[in-house]
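Some notes on the structure that comes next.
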Amino acid sequence: MSDNDENHLIGERRAKLAKLRERGNAFPNDFRRDALAADIVTAYGEKSAETLEAAAVRVKVAGRMRAKRVMGKASFARLEDSSGAIQVFLQQQTLGEVYDEFKGWDVGDVIGAEGTLFRTKTNELSVRVEKLHLLTKSLRPLPDKWHGIADTELRYRRRYVDLIMNEDSRRVFETRSAIVRYLRAFLDTRGFLEVETPMLHPIPGGAAARPFKTHHNALDSDMYLRIAPELYLKRLTVGGFERVYEINRNFRNEGVSTQHNPEFTMLELYQAYADYTDLMEMIETLFQGLADSLLGSRKLIYQGIEIDLSQSFARKSIEDIILENNPDIDPMSLRDTLYLRRICDQMKIPYKAGDGPGKLQIEIFERTGEHTLVQPTFAYAYPAEVSPLSRRNDADPFITDRWEFFVGGRELANGFSELNDAEDQAQRFKDQVERKDAGDEEAMYYDADYVRALEYGMPPAAGLGLGVDRLVMLYTNSPSIRDVLLFPHMRPEY
RNA sequence: GGGACGGUAGCUCAGCUGGUAGAGCAAGGCCCUUUUAAGGCUUUGGUCCUGGGUUCGAGUCCCAGCCGUCCCA
């Protein structure tokens with residue numbers, strides 16, 4: 001992390017640039033290419049040397065010089081553009097003075113070349129260059145051509161260098177884009193309307209998380225970066241948009257890890273006249289369709305573990321998962337606060353005085369159950385205590401009609417039948433405010449306008465949130481969320 | 001928040017029980033008209049993360065801090 005200061009390599013390149021400036025425009029923008037490297041290879045990669053010679057195909061290519069091999073009066077260089085790379089062949093006898101200048105150009109410079117296609121002695125499709133232009137002088141040397149960029153910190157802080165050096169990295173972000181396009185197409189064909197709701201919230205809501213706080217000067221009021229769009233999207237279902245979704249950033253003022261970035265991308269959707277089981281089916285269809293589309297297979301490898309998306313996804317209740325992984329726990333005492341506290345004490349799980357049986361269950365589940373959910377699994381029947389926006393189960397008011405979806409031991413999505421009983425919602429908000437007053441920083445605020453919206457009548461509905469970054473991690477086999485974020489959060493460098 | 005590991009040339013990395021700072025690539029110079037990690041000869045390049053301490057002497061040992069990676073909570 002130290003070459004922000006000048007070094008002799010940069011100094012030499014600056015001197016070269018100074019000479020270019022003396023001779024005229026050092027940053028020309030009048031070269032126009034007429035072919036991409038990959039298109040040339042596709043069109044002519046199979047043609048024989050004789051065919052190419054006879055056809056005398058002229059091309060203009062441009063790109064970053066990634067390799068430079070000078071052999072006296074002839075040279076090869078590899079030009080890389082957004083599509084791929086192609087080799088160019090340069091000769092002193094055809095290029096003259098420009099050839100001598102080229103010998104001083106550096107790997108990393110952006111170059112334009114015009115010439116005809118041919119095959120080298122080793123049969124590589126190449127451009128025999130007749131005109132050559134230096135388009136952009138690169139002042140900073142690229143990392144080692146063989147080892148590339150090994151320092152993960154540098155890869156994240158200088159993503160532009162990572163993208164130059166690392167084709168795998170480029171591919172991850174292309175796949176990310178393909179996944180987001182797939183999500184939109186998937187929902188658009190099902191009659192969902194994409195909307196944009198506020199990022200600046202007067203009251204942070206829709207999730208249990210600590211918000212970033214900011215201030216609106218003109219209004220002289222505190223604002224929060226949103227932790228979830230949920231309450232706004234559900235207001236829209238009140239307004240008559242019966243199927244809505246939003247793909248956008250959420251902000252949570254919490255720790256940074258391989259699974260967490262302070263800002264992350266979430267798909268949230270709401271569908272009227274549907275319940276949480278409908279959304280399980282939707283997730284199943286979506287994940288299988290993504291696998292078909294991206295991988296051509298419903299089995300994928302994530303970090304060495306095979307994930308099988310081809311079968312119907314497992315569905316297990318929270319209480320069953322707890323019992324399955326903790327055979328010593330008494331099933332009859334699973335909702336007994338004092339009993340659960342003793343269990344937590346044994347497991348050294350911290351809890352707060354106000355935590356009821358539902359919260360304690362979830363703590364035990366997160367400690368002992370989550371990591372076992374490797375194959376795609378819906379953990380459902382979340383306690384109402386930890387689900388202040390979910391619809392209570394008709395038969396068992398302790399739980400809600402809510403699931404979280406796990407793959408690889410990691411939560412990817414959260415969905416539930418929506419609580420549309422305004423009076424129940426008001427009471428749940430009050431309970432949250434009590435928890436907040438008791439010191440729970442993640443408890444929710446009372447959102448009076450949201451309750452008012454429900455009082456107008458929200459149709460029965462279900463909704464889900466899907467973590468897009470984690471989804472991309474799964475389908476690109478990326479171990480860290482930073483690998484799927486172009487510019488992940490880092491401590492400031494300066 | 002706790003633990004493990006790491007930070008040495010532009011890049012990738014060596015550097016043993018403390019004793020003059022090393023290699024490959026990149027870069028500068030010379031040679032070379034079919035290379036593909038091109039090759040040959042040659043030269044340059046260092047706040048060993050920072051600050052203390054121990055010592056005749058610290059890249060190396062000790063303490064504190066900064067930055068990062070991974071694991072755990």
| message | Condition check: outside any loop (DSSP other than H, G, I, E, B), touching a strand residue (DSSP E or B) at 6+ places or on another chain (Cβ under 7 Å), more than 17 Å from A:ILE203 (Cα to Cα) and away from RNA strand B (no atom under 16 Å from the Cβ). Does A:LEU474 satisfy that? | response | no
Note: among A:PRO460, A:PRO488, A:PRO397, A:PRO479, just one is more than 27 Å from A:GLU319 (Cβ to Cβ) and out of contact with any helix residue (DSSP H, G or I) (no Cβ under 6 Å at 6 or more places or on another chain), namely A:PRO479
Going through the range A:38-64 in order, the residues found to be among the small types (Gly, Ala, Ser) and within 13 Å of RNA strand B (Cβ to nearest atom) are A:ALA49
Note on the range A:444-461: residues in contact with a Gly (Cβ under 8 Å, 6 or more places away or on another chain) and of a type in the set (A, V, I, L, M) are A:MET444
Taking the range A:355-404 and keeping only residues that are of a type in the set (S, T, N, Q), within 16 Å of RNA strand B (Cβ to nearest atom) and in contact (Cβ under 8 Å) with a residue 60 or more places away in the chain, one is left with none
Residue pairs within 6 Å by beta carbon, gap of at least six or interchain, first lying in the range A:216-227 and within 22 Å of A:ASN248 (Cα to Cα), second of a type in the set (Phe, Trp, Tyr) and surrounded by 19 or more Cβ atoms within 10 Å (Cβ to Cβ), listed first then second, are A:LEU225/A:PHE251
Considering the range A:289-314, residues that are of a type outside the set (A, V, I, L, M, F, W, C), surrounded by 15 or more Cβ atoms within 10 Å (Cβ to Cβ) and modelled with pLDDT of 95 or more, and then whichever is nearest to A:VAL407 (Cα to Cα), we arrive at A:ARG298
Looking across the range A:65-99 at residues that are more than 9 Å from RNA strand B (Cβ to nearest atom) and of a type in the set (S, T, N, Q), the single one that is surrounded by the most Cβ atoms within 10 Å (Cβ to Cβ) is A:SER83
Scanning the range A:31-51 for residues that are at pLDDT below 95 and touching a Leu at 6+ places or on another chain (Cβ under 9 Å), the one farthest from A:HIS147 (Cα to Cα) turns out to be A:LYS47
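The values are calculated or read from the model by the stated rules, or taken from the named source; none is laboratory data. Bear in mind that the values here come from a model prediction, so they are computed numbers and not experimental data. We place every Cβ from the backbone using ideal geometry, glycine too, and count neighbours over all the protein chains shown.
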